[in-house]
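Written out below as structure tokens is the structure these notes cover.
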Amino acid sequence: NALVGELSPVPSGLPPGTRFAGCEVLAVAGTSGSASVYHARQVEPPRDVALKVHTPDPARPVEAERFRREAAAVARLAHPRVAPLFATGAESGRLYLLTEWLPGGTVQAQLPALCAVPRRAAVMVRDLARAVGHAHAAGLFHRDLKPT
């Protein structure tokens, strides 16, 4: 899902060590036009989480409502290949959601290894298709799925 990725230095937003939403930011996992996802450590209970923080844009107020709808939709999902939602909220005027941290990086980063073992690639595609199908059945359509 959009909440995992390869780690890289935080380009903007919440630098490592920042406390936000009861978590300590460890690194950025990914960014989009409307949100950033961080690998973070939740203080209580202590666990690694994916912290997705909405980037407010006064010119696009609809994005905040879309973020709220996404959180509500993810909360309805229960599937072994979909990271569970732990919490949602707002802090310092920014919406956020917390999900389970799924290590391993992006599918794109795993492509060389997957290409070397076609059966592993087939299992991953099957699992991804089932998870996306489950989300679609619940009325959630992932806007960031792309082939690259």
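The values are calculated or read from the model by the stated rules, or taken from the named source; none is laboratory data. Computed from a predicted model, the values in this text were never measured in an experiment. Cβ: placed from backbone, ideal geometry, glycine included. Neighbour counts: every protein chain shown. SASA here: full protein model, heavy atoms, side chains in, ligands and nucleic acids out. Shrake-Rupley method; radii C 1.70, N 1.55, O 1.52, S 1.80 Å.
From the list ALA113, ALA40, the lone residue that is surrounded by fewer than 18 Cβ atoms within 10 Å (Cβ to Cβ) and not basic (Lys, Arg) is ALA113.
Is at least one residue of segment 121-135 of a type outside the set (Val, Ile, Thr), closer than 30 Å to PRO16 by Cα and surrounded by 14 or more Cβ atoms within 10 Å (Cβ to Cβ)? Scanning segment 121-135, I find no residue that is of a type outside the set (Val, Ile, Thr), closer than 30 Å to PRO16 by Cα and surrounded by 14 or more Cβ atoms within 10 Å (Cβ to Cβ), so the answer is no.
Candidates in segment 13-72 are the residues that are of a type in the set (Ser, Thr, Tyr) and touching a strand residue (DSSP E or B) at 6+ places or on another chain (Cβ under 8 Å); of these, the one that is farthest from ALA83 (Cα to Cα) is THR18.
When we screen GLU100, GLU70 for residues that are under 22 Å from PRO16 (Cβ atoms), open to solvent by 30 Å² or more (accessible area, probe 1.4 Å) and in contact (Cβ under 8 Å) with a residue 12 or more places away in the chain, the only hit is GLU100.
Of VAL49, VAL107, VAL25, all but one fail to be aliphatic (A, V, I, L, M) and modelled with pLDDT under 95; the exception is VAL107.
The residue of segment 53-67 that is most open to solvent (accessible area, probe 1.4 Å), among those that are more than 13 Å from the chain's Cα centre (by Cα) and in contact (Cβ under 8 Å) with a residue 12 or more places away in the chain, is ARG60. State yes or no: is ALA50 among the aliphatic types (A, V, I, L, M), without any contact (Cβ under 8 Å) to a residue 40 or more places away in the chain and closer than 22 Å to VAL107 by Cβ? Answer is no for this residue.
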